[in-house]
Structures are given as C-alpha cells and as structure tokens.
Amino acid sequence: MSTTELFTGYAAHEPRGVLTPFSYTPRPLGEDDVEIAITHCGVCASDVHQVDCSWAKASIFPMIPGHEIVGVVQAVGSKVDTLEVGSRVGVGPQCLCCFSCEQCKRPAEELCTGSPTFTYNSRYPDGSVAYGGYADRIRVHSRFAHPLPDALDSAAAAPLLCAGATTYSPLVEHGVGPGHHVAVVGIGGLGHLAVQFAKALGAEVTCVSSSERKRETCAQLGADHFLISRNPEEMAAAQGSFDFLVSTIHYDGIEWDAYMNLIKPSGTLIMLGLPAGANLTLPSRLLVSRRLRIAGGFLASLPEYTAMLKLCAEKNIVSWVDEMPMSEATTALGLLREGKLKNFRLVLKN
C-alpha cells in the first residue's frame, strides 16, 4: 500500500523556467510497481536539454526532471517478489517498456518499439504523465528499479543510472577488452566514466582533451596516456592508433576529420554526445577508405544494468560528484547550463 497520496517535486512550467515546488497525485501503485522514497538524484545534461526544449522532441509541462535516481523502496505491488520495503534501488531514464516486442525480448528494453515510457517528459500507455526524480517520491515498474550493491555510495552511484549505462553498454556490445586501445574524447560527465569502464574491461586507454588541464585527473581515473587535441603534432603522431574512439563531446561545429584520423582501419567510432542543434557531418572519405564503423550508445538493457552495477562495486567505479540540496534544483541546472560545475557531476539530495 502507498504511504502517501501526493508526491512533491520541483517542476519547470515553461521552457527554461524556474523549478518551483509542485505536487501531483501519482498513478495508482500497480501490481508490478514499487514506490520509492528518493534520497538522491543526479543532474544530467539531458535535464537541461529537455527543460530548455533544445531537442526536437516537444517537452511536456509542468515537468519534474531527473532520471538518475537513488532511493529506498517504501511500498511494493502484489506481484513484486524481487524487491521489498527497505531495498535500496536506482532508477534510470526508463521506467516501463512493453516487454513483448522484438527488442524487449532480445533483451534490449531501452530500444522498445511497443510502449516505452521514460522517467519524465514522457507518457504512460494510459496517457498519464511521467514525473521524474527531482522529487520526494516516484513509482516505477519494479524491473526498472535496480538493486544497488552495498559497496556503492548513493550519491556517487546516482549518475551511473544514466551516464554509467550510456557509456558501459556500447563498450560491452562492441567487445571492448584486452588487446584493444580505446580513446575517450571529452573528459566530462560521460567521459570520466567511459575511461573507468574501458580500463576495467581490460583495454589500454588514452584520454583526448583540449588542454593540459585534465592530465593529472585522467591519470587518477586510470588512463594510460593523455593526448591534447589542440596539439597538431600530437594528433598527427597518434593517427591510426585506436581500435575504438568514444566521443562524448556534444557541441556543434566539431571538426571530425582530426578525430576520425585517430581510428585504425576497420575501427569504430562510438557516439555518445548528442548536440542540441544540427546533425553531425562526418568525413565520408575516411569512413569508406578505412572501412570505419559508426555506433551509438543509448542507455542499457536490464541485464546490462545489473552487470554494470556489479562491475562498479567490484572495481570501485563511481562518478565524481558534488552534492546540493534538492531545493536548489534551479541553481543546479543553471550551473550545468553554464558549464560551471566544480566536479564531473552534480547530485541533488533530499
């Protein structure tokens, strides 16, 4: 049985709007659902994009953002047997799928073609609005409430639910491991996790950054090498060195020739950054003449979430975070929007 009739969060009511307290009546607790008291919620770049309406998808207002959620189960539906009241869980950007389409059966639930519901700025199959994790509580299907290993700190684990899944899944899908050399471009919220995952999977890792500033940080993350993208001599010397190039950069106007020249013939470019503006323009000559592959990364399947969290607990892979009170959600979005974070990620705490 639910423990409360109203949930309260911080909602934007218009594009780029201030987040103010907003209460709503949640959907009834279904037989497969859990109700979670939220302790932490990461602040993701996609929160900014959706509040600002800078992606093509129309946003639904009022909007409670947040899809890097950690909390404690407060109530369970009648058919839930994998979780119990008191379980510590995490919820990522997806809270429901159809479980019956081809993709769900693979399993690749994040690619559901039936009735996927995302954690916020989305609608359930019945048309009701999904509200996110900048709040005190949330209800989701129990299979999308991922048990968190005891070894993981709640604040540091929160970004794993989106940024972690987004970086881990494509590395595993494409078989990154011993004998491979991986370049990670952009050492930020996604990149600092991509470095840790690639290293944990057994690859040799090079960080590619625009300046010297993050060299020591990259060494602390476990990187083997450091490459300055604005140094023409270093970039020329590294041409054709990498089996995989993981790109987390997401601004418009990137000169892709220099980056794609770093990839070995038959190597793979894994795209994780998602620009707000125009589509990417890639050099077709390099793609064809070197038989390069282009891959994307989008969240993770349910089994991948389990494996990722297990690996994080075993290898001490965590996000580097700063914390702020949940009541300062507007300030948090502003810091991220302006690129003024002191650490790689920001996490709101109740």
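With the condition kept exactly as written, say whether any residue in segment 300-312 is open to solvent by 20 Å² or more (accessible area, probe 1.4 Å) and assigned to a strand (DSSP E or B).
Scanning segment 300-312, I find no residue that is open to solvent by 20 Å² or more (accessible area, probe 1.4 Å) and assigned to a strand (DSSP E or B), so the answer is no.
Any idea which of Gly267, Gly334, Gly297 is under 30 Å from Cys95 (Cβ atoms) and either surrounded by 19 or more Cβ atoms within 10 Å (Cβ to Cβ) or of a type in the set (Ser, Thr, Tyr) (or both)?
Numbers: Gly267 fails: under 30 Å from Cys95 (Cβ atoms); Gly334 fails: either surrounded by 19 or more Cβ atoms within 10 Å (Cβ to Cβ) or of a type in the set (Ser, Thr, Tyr) (or both).
One residue alone meets the criteria, Gly297.
When Thr39 is evaluated against the numbered criteria (1) modelled with pLDDT of 95 or more; (2) open to solvent by less than 20 Å² (accessible area, probe 1.4 Å); (3) among the polar types (S, T, N, Q), which criterion, by number, is the only one it fails?
So Thr39 meets the others, but not (2).
Output the number of residues of segment 110-133 satisfying the condition of being closer than 29 Å to Val18 by Cα, without any contact (Cβ under 8 Å) to a residue 24 or more places away in the chain and of a type in the set (Val, Ile, Thr).
1
Name the pairs whose Cβ atoms lie under 7 Å apart, with the first residue in segment 134-158 and over 17 Å from Ala307 (Cβ atoms) and at pLDDT 95 or above, the second hydroxyl-bearing (Ser, Thr, Tyr) and open to solvent by less than 10 Å² (accessible area, probe 1.4 Å), and 6 or more positions between them or separate chains?
Close Cβ pairs (under 7 Å, with a partner that is hydroxyl-bearing (Ser, Thr, Tyr) and open to solvent by less than 10 Å² (accessible area, probe 1.4 Å)) amount to Ala156/Ser319.
Which members of segment 125-150 meet the condition of being under 18 Å from Gly86 (Cβ atoms) and of a type outside the set (S, T, N, Q)?
Within segment 125-150, Asp136, Arg137, Ile138, Arg139, Val140, Ala145, His146, Pro147, Leu148, Pro149, Asp150 qualify.
Scan segment 83-101 for residues that are open to solvent by 30 Å² or more (accessible area, probe 1.4 Å) and part of a loop (DSSP other than H, G, I, E, B) and jot them down.
Correct list: Glu84, Val85, Gly86, Cys98, Phe99, Ser100.
Taking Val208, is it farther than 19 Å from Phe344 by Cα and surrounded by 20 or more Cβ atoms within 10 Å (Cβ to Cβ)?
No: the conditions fail for Val208.
Say whether the condition of being buried (at least 18 other Cβ atoms within 10 Å of the Cβ) and in a strand (DSSP E or B) is met by at least one residue in segment 102-120.
yes
State whether one or more residues within segment 192-201 are without any contact (Cβ under 8 Å) to a residue 40 or more places away in the chain and surrounded by fewer than 24 Cβ atoms within 10 Å (Cβ to Cβ). Don't jump to the end; show me each part of the working.
First pass over segment 192-201, keeping only residues without any contact (Cβ under 8 Å) to a residue 40 or more places away in the chain: 195, 199, 201.
If we keep only those that are surrounded by fewer than 24 Cβ atoms within 10 Å (Cβ to Cβ) as well, we get 199, 201.
So far as segment 192-201 goes, yes, one or more of its residues are without any contact (Cβ under 8 Å) to a residue 40 or more places away in the chain and surrounded by fewer than 24 Cβ atoms within 10 Å (Cβ to Cβ).
Closer than 22 Å to Leu190 by Cα, of a type in the set (D, E, K, R) and at pLDDT below 95, is that true of Asp47? Spell out the reasoning first.
Working: closer than 22 Å to Leu190 by Cα: yes; of a type in the set (D, E, K, R): yes; at pLDDT below 95: no.
Criteria not met by Asp47.
Going through segment 270-294 one residue at a time, which ones are open to solvent by less than 70 Å² (accessible area, probe 1.4 Å), modelled with pLDDT of 95 or more and in a strand (DSSP E or B)?
Scanning segment 270-294 gives a single hit, Ile270.
Could you grab me the full set of residues in segment 211-223 that are free of Cβ contacts under 8 Å to residues at least 24 places away in the same chain and either buried (at least 22 other Cβ atoms within 10 Å of the Cβ) or closer than 25 Å to Cys312 by Cβ (or both)? Please lay out each step first, then the result.
Start the filter on segment 211-223 by keeping residues that are free of Cβ contacts under 8 Å to residues at least 24 places away in the same chain, which leaves 211-213, 215-216, 219-220.
Matches in segment 211-223: Arg215, Glu216, Ala219, Gln220.
Gly339 is checked against (1) crowded, with 16+ Cβ neighbours inside 10 Å; (2) free of Cβ contacts under 8 Å to residues at least 12 places away in the same chain; (3) of a type outside the set (A, V, I, L, M, F, W, C) and fails just one. What number does that condition carry?
(1)
The values are calculated or read from the model by the stated rules, or taken from the named source; none is laboratory data. Bear in mind the structure is a predicted one, so any value in this text is a computation, not a measurement. Cβ: placed from backbone, ideal geometry, glycine included. Neighbour counts: every protein chain shown. Heavy atoms of the whole protein, side chains included, go into the accessibility calculation; ligands, DNA and RNA do not. Shrake-Rupley method; radii C 1.70, N 1.55, O 1.52, S 1.80 Å.
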